[in-house]
Structure formats: structure tokens, C-alpha cells
Amino acid sequence: MKKEFSLQSALIAGIIATAAMTIFTYMAPLMGFEMNIPKMLANTMGVPIIVGWIVHIMIGEILAINFAAVFLNATGKVSDIKSGAGFGLLPWFIAQVMVMPMMSIMNGDSYIDGFFSGSIMIAMASLVGHLIYGGVLGGVYKFKLEKTTVTT
């Protein structure tokens, strides 16, 4: 059996993983801070919250497709919780050193204010959120198995 990329599985896994991460972020106030990603995206873009939600979901889907189509092929790994969590480290790192500082600048703050979310506590919560996203993504995504035929 040959493993083949499954867009349908990637999209389903992406929605489920994004939902899992989003649920985790709504527990942030219990830790003393807010991590409302759709609201943060909407505020930075100056758009209604619904657009922030759409962008948040789109990012989750794009990452899921990249995990399934690129990351797994490039690393030769199978899709499981461990490989998914490993993948989750990549978007977390990019968010901490590029996205959050850019959003900080767009909101009138300095680059350094956004570096690693401006707080070790928030950066670590973001790390956990991305590990949850990746772990769920890896656990849910399944390759499409293609039967190989042998001709004699």
C-alpha cells in the first residue's frame, strides 16, 4: 500500500486541531491573561471579529495542509501525535519571532514588545497551544491508502 496525501483528511484534521487549540486558549484567563486569537487578529487588521475567526480557521487549515503534504513527506514520518506535536513547534516558533513582533509593530508598539509574545508566560502558553494543535492534527490526519497492483 502506498501512502498518498488526503486533502479531505487534512481539512478535517485542521478544523479539529484548530478547535482544540482554540478551546485551550479560552482557558488562558485562568492563568491570568487573554489569548483570544480571533480577536487579536481582528484588532490587528482593524476588521470585525468574524474576519478574525475566518483568518484563524484559514491559518489552521493551511498549516494542516502543509503538515500533510509537505512536512510528513519531507521528514518521512508517519502521521501520529508525536510527529504532529513536532510540527506544532514550527508555527509556534514562527509566531514568536515573526508574527507576534509584526503584530506588535502594527499596533504601534516596538518589535521587541512582541518578541516571544512579550511575556514568557504567554509564550509558553502559546507553545502548549501549538503542541495541542499539532498533536491533535497528527493524531487525526490519515493518509489515503492507495492499493498497488502487481502485474506479472
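Quick note: the coordinates plus some simple rules give every number you see, no bench work behind them. Keep in mind that this is a model prediction, so the values were computed, not measured. Positions of Cβ are generated from backbone atoms using ideal geometry, with glycine treated the same way; all protein chains shown enter the neighbour counts.
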**Most fluctuating residue given options T75, T22, T44, as computed from a GNM of the chain linking Cα atoms under 10 Å** = T75
**Message:** For a test of understanding, tell me how many lysine pairs in the chain have Cα atoms under 24 Å apart, given they are 8 or more places apart or on different chains.
**Reply:** 15
**Message:** Can you list which of the DSSP-assigned H helices in the chain have a Cα extent of 18 Å or more along the long axis and an average Kyte-Doolittle score of at least 1.0?
**Reply:** 7-25, 49-66, 81-94, 120-140
**Item:** Farthest positive-ward along the chain dipole, Cα basis, beta-carbon charges - from S126, Y26, A69
**Value:** A69
**Prompt:** Which cross-chain or sequence-distant (5 or more) residues have an amide H under 5 Å from the amide H of S6, H modelled 1.01 Å from N in plane?
**Reply:** K144
**Prompt:** Out of every Cα-Cα pair in the chain, what percent are more than 19 Å apart?
**Reply:** 55
**Request:** Using the Cα centre as the reference, give the magnitude of the dipole from point charges on the C-beta atoms of the chain (Lys, Arg: +1; Asp, Glu: -1; all else neutral), rounded to the nearest 20 debye.
**Result:** 600
**Request:** Using just the helices of the chain, give the 222 nm mean residue ellipticity in deg cm²/dmol: DSSP H runs with n ≥ 4 each add -39,500 (n - 2.57), and the total is spread over all residues, rounded to 500.
**Result:** -19500 deg cm²/dmol
